[in-house]
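As structure tokens, the structure follows; a few thoughts come after it.
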Amino acid sequence: MPHITNVMICTCTNCISNGALDIRDSLDAQIKRQGLQDDVLVVPTGASGLCVNGPILIVQPEGIFYQKLKGKDIPNLVEEHFLKGRPVKSLMYVPPGEESPIPELRSIPFFKDQRLIALRNRGLIDPDKIDEYIARDGYKALAKAVTSMTQEEVIKEISDSGLRGRGGAGFPTGRKWDSRRKDPRTPKYVVCNADEGDPGAFMDRSIVEADPHSVIEGMAIGAYAVGASSGYMYLRMEYPLAVKRIQLAIEQAREYGLLGKDIFGSGFDFDLQVFKGAGAFVCGETTALVASIEGKIPEPRQRPPRTTLWDKPVVINNVETWANVPVILNWGAKWFAEIGTEKSKGTKVFSLAGNINNAGLVEVPMGITLRDIVYNIGGGIPKGKEFKAVQTGGPSGGFLPASLLDLSVDYEQLDEAGSMMGSGGMVVMDENVCMVEMARYFVAFTNDESCGKCTSCREGSLALLEILSRMCNGEGKPGDIELLEELGEAIRDASQCGLGQSLPNPVLSSLEHFRDEYKAHIDEKRCPAGLCKALITFNISEEKCIGCRLCAKKCPQEAISGEAKELHTIDQDKCIKCGVCLDACKSEAVLVA
């Protein structure tokens, strides 16, 4: 049998936006041109993880990793690698601060320190082909559940694994399923919450794009365990590729008899449909989500009683939770429970973003430290900068400073530190980030996304936003810090749903760890990070200015004057503090005060 080289090209949303589909077409054309079509197979996959460096191509079985591809690279790549057997080093990954490339994916620090469960098929299968999922044990767990296990046995396996909901709250999955199984009302439903709307978060979208059948299989197993016959994939419309791939996967599963009537001849019936959400952040909250499905205004309901859909029992878990379920049944609860910590089992998927060298999608064992994620996997902060903070848990998460980098990443420790696990957003910030402005940014987001039902959330978030905006505009007043703390605690205590209860986290955590920055904004009318325009001034150093006129040529306001080879000056009345002069100056003569 001839040796087949598989060229796995990432076709996630990010790589497609960078031209991955054109790269794929060029690959096909060049492989045919070289007469290699019987030896080289181009396979489109979902996100490989390091898609900030996309388009990405992985050559299997060798595992050679190529990145940042351009159309002009393809003819030479095909000729050199696939025809002559000489990998192209100039297209390989080079670690930050180093010169030598790392050819193989498994040797790249970003990949080698991860442990994949929910992302087990990452970069290995074509998400549009059900046969490729089946070839990697796909639907084996569903067959096992419905043909050889009782509902109680399935739920016990999930309970014994220690799997907790990956959507943010961390509620034990087995306990949730068992309570719905015991509810005598019918029909019952299962729902996948894929309404991921956190700034900087792309975990759920990436899983659905890369491995939609893993979510479908997990939902079918959950439906069998609780006695449900219908399910909904609640997916926001802003994710058109994810919608397209999950709809195709559902059609394929029906065609193969994996959804529908009498699955695996067991008498178990289950079908699934996609519900496209309009993009309201509050719909990530389970009671607001079911209200949306029911055609009502998506506002949270008071709990207890338990969440219901059309007054019937419903199990709601997020994408990552469902994707873990088939692996637990295949490999066993004991195996899964041995990963992670005593109370936080298994792995967690994070979208690593912000001021970091290796931004991307990562999956790590629970209990790993923030330092390991930021530096060992993320490659650290760009050269010349210092780490300042990391925010976990999305817009409702807290800011954690450098002193907490050795904190264990699990539900309890993040909560105790004033942050949260959330669904898995992780934003890294360097020394040039203003923590007051960051708190203002996230409060502005949650204020805009508040459904408005609770006065504490609706009016409280607006009051927080007004105070923070005043501070950033140089109008902070004595007592503002204390007022922020009082408001934050009141919003947390009085709000009905998780969005309102966690809304003050960015403010309260930044006050705890970066209080001096707030004081500088109020007492000194100064932004230590030099970001709040109302509190900074651009000047030109007499000692460093060489009169090159670069800053004057770039200034959009013509606020900079001076003859060639003479000291330049900035007209403060014309200056809009855009920072263009700072970027243009090659002699570091532009000063920010």
Mind checking whether some residue in region 304-317 is buried (at least 24 other Cβ atoms within 10 Å of the Cβ) and either in contact with a Gly (Cβ under 7 Å, 6 or more places away or on another chain) or of a type in the set (D, E, K, R) (or both)? yes
For THR369, all conditions in the list (1) modelled with pLDDT of 95 or more; (2) closer than 27 Å to PRO212 by Cα; (3) under 25 Å from the mean Cα position of the chain (by Cα); (4) not hydrophobic (A, V, I, L, M, F, W, C) hold save one; what is the number of the exception? (2)
Against the condition surrounded by fewer than 22 Cβ atoms within 10 Å (Cβ to Cβ) and either polar (S, T, N, Q) or within 27 Å of CYS283 (Cα to Cα) (or both), how does ALA402 come out, does it pass? no
Can you tell me which residue in region 89-143 is nearest to ILE207 (Cα to Cα), limited to those that are of a type in the set (Gly, Ala, Ser) and in contact with a helix residue (DSSP H, G or I) (Cβ under 6 Å, 6 or more places away or on another chain)? ALA118
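Here's a check for you: in region 329-343, which residue that is without any contact (Cβ under 8 Å) to a residue 40 or more places away in the chain and part of a loop (DSSP other than H, G, I, E, B) is nearest to ALA220 (Cα to Cα)?
Of everything passing the filter in region 329-343, GLU338 is nearest to ALA220 (Cα to Cα).
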Against the condition closer than 27 Å to ILE130 by Cβ and among the charged types (D, E, K, R), how does LYS32 come out, does it pass? yes
Determine if region 344-367 includes at least one residue that is touching an Asp or Glu at 6+ places or on another chain (Cβ under 8 Å), more than 29 Å from CYS192 (Cα to Cα) and either assigned to a strand (DSSP E or B) or in contact (Cβ under 8 Å) with a residue 40 or more places away in the chain (or both). yes
Can you tell me how many residues within region 473-496 are of a type in the set (A, V, I, L, M, F, W, C), surrounded by fewer than 23 Cβ atoms within 10 Å (Cβ to Cβ) and either within 23 Å of PRO298 (Cα to Cα) or in contact with a His (Cβ under 6 Å, 6 or more places away or on another chain) (or both)? 1
Selected residue (criterion: surrounded by the most Cβ atoms within 10 Å (Cβ to Cβ)) from residues of region 453-472 that are farther than 15 Å from ARG492 by Cβ and free of Cβ contacts under 8 Å to residues at least 12 places away in the same chain: ARG470
Take region 430-487 and flag every residue that is within 27 Å of LEU289 (Cα to Cα), among the charged types (D, E, K, R) and out of contact with any Ser or Thr (no Cβ under 7 Å at 6 or more places or on another chain). ASP448, GLU449, LYS453, GLU459
Taking the options VAL290, VAL274, name whichever one is under 30 Å from LEU503 (Cα atoms), touching a residue at least 24 places away in the same chain (Cβ under 8 Å) and either outside any helix (DSSP H, G or I) or in contact with a Pro (Cβ under 8 Å, 6 or more places away or on another chain) (or both). VAL274
If I ask for residues that are surrounded by 23 or more Cβ atoms within 10 Å (Cβ to Cβ) and farther than 27 Å from LYS261 by Cβ, which ones from region 126-162 would you list? SER161, GLY162
Going residue by residue through region 416-437, is there one that turns out to be surrounded by fewer than 20 Cβ atoms within 10 Å (Cβ to Cβ), in contact with a strand residue (DSSP E or B) (Cβ under 8 Å, 6 or more places away or on another chain) and not in a loop (DSSP other than H, G, I, E, B)? yes
With the structure loaded, tell me whether ASN317 is within 20 Å of SER423 (Cα to Cα), at pLDDT 95 or above, part of a strand (DSSP E or B) and not acidic (Asp, Glu) or whether it fails that test. yes
Of all helices (runs of 4 or more DSSP H) completely enclosed by region 460-567, which ones contain at least 3 residues that are under 21 Å from VAL433 (Cβ atoms)? 480-494, 505-513, 515-523
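The values are calculated or read from the model by the stated rules, or taken from the named source; none is laboratory data. Everything numeric here is computed off the predicted structure, so don't read it as measured data. All Cβ positions, even for glycine, are placed from backbone atoms using ideal geometry, and neighbour counts span all protein chains on display.
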